[in-house]
Amino acid sequence: MIPFLDLKSIQQAHADELKQAFARVLESGWYIMGEELKQFEREYADYCGTAHCVGVANGLDAIILALKAVGVGPGDEVIVPSNTYIATWLAVSHLGATPVPVEPVPATGNMDPAALRSALTERTRAIVPVHLYGQAAELDQILAFAREHGLKVVEDGAQSHGVLYKGKRVGSHGDAVAWSFYPGKNLGALGDGGAVTTNDPEIAERIRVLRNYGSRVKYHNDVIGYNSRLDELQAALLRVKLPYLDADNSHRKAIAQYYLGALNSIPGLILPALAEGCESVWHLFVIRHPDRDGLAAHLAKHEIGTVIHYPIPPHMQPAYASLNIAEGSLPVSETMHQQVLSLPIGPTMTLADAEIVVKVIVGYFGR
């Protein structure tokens, strides 16, 4: 059996260090907003090349708090990708704003900068580009458009820990970057976790206050805040795994390069492509084919795990029926959601496993 992602083996690779980190937290007697969080925030900010990192409870909260910190609120509009996980949209909605989708570049799946102008209105306040599947979005064009129109940019980096854009690590190109440390991410905790990185001290301070009940001093509440804090245990465990992130990403890249070379001659199979200057940490290796479901069933029969990222685009979810975005209105995204299939990839997957995956795929199309 080849799992889509073997979380147990990923954690077992660091088992001794993770146990030591757990023991350190247990013995400290301090479990929320302590030294482990401070150290992780400093270390992750340094890794991303940013001045500030603020740990929060999860990736969704990271987007919500970052958007709120840059001034998004009720009645505003926020430009979002039509091709993304629904959390990107949910964050906008939780602030009383409206998500306004734009189509992706078909080759990459990331937000198409050329589509931004058609989504702009007098109510537009911000843009949320997503570094989808682990590939950096085309930030220069997005940021130039945002500066031209006085918009804020909050990047969704949930799938892109460590990715480079034009030689610079993602973490501070826009006003803020929201991160998720969900266990399956490239930098994954052993539970939920998130963070926001930024070079703006005012944004960082607003998020620090918002995450802790709107409080700077205990029992003194300056604003209406949230309870959204990255706990000491998850911070300690993330500190163990952070030094291994670049090596893990390099291993993912090796698997991806093998897939790209071995699958490039199958008729009708669309492989991932990288935009100029946009690298990938290969959080996901997403292929496309009109016979996606048949291929997925064939791989499952051979005990090879796959996942569809994502089967239903956000605008076609019941949660967003009130936006009245008709089916067929976003055809690029809708077609992609009907065709995408994510193959196994991860830091503990072997090249031999990848060779088996390729053999089974080639066998299916050569039947």
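General observations
- Seen from a random direction on average, the alpha-carbon convex hull of the range 181-314 projects onto 12.4 square nanometres.
- Unit charges on C-beta of K, R, D, E only; dipole of the chain, Debye: 200 debye
- Carbon and sulfur %, accessible surface of the chain computed with the full protein complex present, 1.4 Å: 54 percent
- Net charge of neighbours whose Cβ lies under 13 Å from the Cβ of Ile79, counting Lys and Arg as +1 and Asp and Glu as -1: -2
- Whichever lysines have a C-alpha closer than 28 Å to that of Lys38, once near sequence neighbours (fewer than 8 apart) are set aside: Lys8, Lys19, Lys68, Lys152, Lys168, Lys185, Lys218, Lys241
- Pairwise label distance in nanometres, Glu148 with Lys19, each label 7 Å out on the Cα-Cβ vector: 5.8 nm
- A DSSP coil position with no more than 10 other Cβ atoms inside 10 Å describes the following GluC sites (Glu not before Pro) in the range 295-343: Glu327.
- Mean-position separation - Cα centroids, the range 2-30 and the range 311-347, in angstrom: 34 Å
- The packing ranking of peptides 160-171, 209-220, 270-281, 59-70, highest mean first, is 59-70, 160-171, 270-281, 209-220, where packing means the average number of other beta carbon atoms within 10 angstrom of each residue.
- Note on Lys301 and Ala247: their simple-model spin labels are 4.0 nm apart, each label 7 Å out from Cα toward Cβ.
- Over the range 151-281, relative contact order from alpha-carbon pairs under 8 Å, at least 6 apart, %: 23 percent
- Counting charges near Tyr226 (Lys, Arg +1; Asp, Glu -1) among other residues having Cβ under 10 Å from its Cβ returns a value of +2.
- With 10 Å bins from 0: P(r) over the range 124-221, alpha-carbon pairs, percent: 16, 40, 32, 11, 1
- Secondary structure note: in the chain, about 60% of the DSSP beta bridges are antiparallel.
- Calculated FRET efficiency, Ala107 to Glu205, Cβ-Cβ distance, R0 = 45 Å: about 0.70 to the nearest 0.05.
- When the range 67-162 is described by a simple charge dipole with +1 on each Lys and Arg Cβ and -1 on each Asp and Glu Cβ, the residue from Trp89, Gly75, Val105 located farthest towards its positive end is Gly75.
- Options (i) 54; (ii) 48; (iii) 44 - which one matches percent of Cα pairs over 28 Å apart as calculated here: (iii)
- Residue-normalised accessible area of the chain, given per residue in Å² at a 1.4 Å probe: 42 Å²
- Only helices reaching 18 angstrom along their own axis (Cα) with mean Kyte-Doolittle hydropathy no lower than 1.0 count here, and for the DSSP H runs of the chain these are 351-365.
- Within the range 99-135: backbone nitrogen closer than 16 Å to the Leu90 label point (7 Å, Cα to C-beta): 99
- Approximate spin-label separation Tyr258-Asp293, in nm, with each point projected 7 Å along Cα-to-Cβ: 3.1 nm
The values are calculated or read from the model by the stated rules, or taken from the named source; none is laboratory data. Note that the coordinates shown come from a computational prediction; the quantities given were computed from them, not determined experimentally. A quick note on method: Cβ atoms are made from the backbone with ideal geometry, for glycine too, and the neighbour counts reach across all protein chains shown. Just so you know, the surface numbers come from the protein's heavy atoms only, side chains and all, with ligands and any DNA or RNA stripped out. Shrake-Rupley method; radii C 1.70, N 1.55, O 1.52, S 1.80 Å.
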